[in-house]
Amino acid sequence: MEPNLRPLTLGEILDRTAQLYRTNFLLFAGISSVYAGAVLVLALGQIGLQEWMKAAHLEKQLLWANGLVVLLQMLVILVLSGIAVAANNRAVAWVHLGHPATVRGAYASVLPKTGRYVWLMVIIGFLVGWPLLLIYGGFVAALVAWLLPLSKGAAAGAAAGAAPAANPQLVLMLGILMLVFGALALAGLAYAVVMGLRYSLAVPACVVEDLKARKAIRRSVELSKGARGRIFLLGLLVFIIAFGLVMLAQGFFMIEIFKHHGQLSAGMRVLQQLTAFFTNTFVGPMYATGLTLFYYDQRVRKEGYDIEWMMQAAGLVPATGPVQPAEPVQAAPLEVAEGAVAESVAEGQAGGIVHE
């Protein structure tokens, strides 16, 4: 596939994302399936542990076991998601520039720097989500400090033989707390969206330019200026698609959960996780693919990367960052590349093209 390095509109980026996803479906799905498969194994292991503990009459220890398993899942998901996103960005970068790419080559390229990508994801997650963490912590603290004593008092009165009656003070405080929490949560969510857009190009910058985590974040803040609205629309579209697929795939299980009062058999839970595996595999590469295209589009607009890339192909300037393909690619002859550079510059001067 030939590179398409020029300023693109939002519609063209969406078309390009769909084109890359469709023509390289097995590549992107293969990269995402590694992460989705690991999540599936952890989920199946949790189901097996739950069923064994129930059969062994260890219901009292089941809560603690589930907590430990969830903690393990969070750690594994953090590491694997960082690797999978980086591998997907690497593959998109190769394909977008016309280089061949493989699942094995993408993972082999990013695995040596797993720590960097995971640390980058941790920093971004904290910068984006710290207000929501504080709001949630404050909500829990308010429940424990204010409402729990009131509820205990009501329970003590009922135990003493008093007629059960609604506690107006408890109801009022709970209503006020929920309203305040809801307003703060919406503000925290808006903050998370804005900050997420600022850092949306950090992972592609880290992978393509071989930047450390903090430098990649600063690079994203600069590159994303002028494109955050379009990136938001991309994320909104991917969210709608992902939500539709999840509802389509998980709707049956939601109905079953409702029918059985929140309980599903082990077989149904296994089937639910298998369905989730395919959903995660299909949906996972979409947003990362679009973000990588936005990364290159912003470099073209702000830095004239299309000219730089042709000069790199001609051997006139050294390549920046580990952007080598997974397999050897024969570069264009020097005369042809020089002619392409000259033609591009001439067209820009004649048409008055200026990259933003």
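The values are calculated or read from the model by the stated rules, or taken from the named source; none is laboratory data. As the structure is a prediction and not an experimental result, all values here were calculated from the model. Because the Cβ atoms are built from the backbone with ideal geometry, glycine has one as well, and the counts that use them run over all protein chains shown. The area values use the complete protein model at the heavy-atom level, side chains included, leaving out ligands, DNA and RNA. Shrake-Rupley method; radii C 1.70, N 1.55, O 1.52, S 1.80 Å.
Within region 188-229, the set of residues being crowded, with 18+ Cβ neighbours inside 10 Å, under 17 Å from the mean Cα position of the chain (by Cα) and among the charged types (D, E, K, R) comprises R198 only.
Is it the case that A101 is assigned to a helix (DSSP H, G or I), of a type outside the set (S, T, N, Q) and either under 19 Å from L26 (Cα atoms) or open to solvent by less than 10 Å² (accessible area, probe 1.4 Å) (or both)?
The answer is no for A101.
For every residue, the table says whether it meets (1) buried (at least 18 other Cβ atoms within 10 Å of the Cβ); (2) closer than 30 Å to F232 by Cα; (3) at pLDDT below 80.
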| site | (1), (2), (3) |
| --- | --- |
| F278 | no, yes, no |
| T289 | yes, yes, no |
| Y305 | yes, yes, no |
| A314 | yes, no, yes |
| A326 | yes, no, yes |
| Q330 | no, no, yes |
| A337 | yes, no, yes |
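Scanning region 71-113 for residues that are closer than 18 Å to K212 by Cβ and not aliphatic (A, V, I, L, M) gives G82, N89, R90, S109, P112, K113. If you go through region 1-56 and pick out every residue that is open to solvent by 50 Å² or more (accessible area, probe 1.4 Å), of a type in the set (A, V, I, L, M, F, W, C) and touching a Gly at 6+ places or on another chain (Cβ under 7 Å), you end up with 1. Residues that are over 18 Å from L201 (Cβ atoms) and within 19 Å of the chain's Cα centre (by Cα) within region 72-102 comprise Q73, M74, L75, V76, I77, L78, V79, L80, I83, listed in sequence order.
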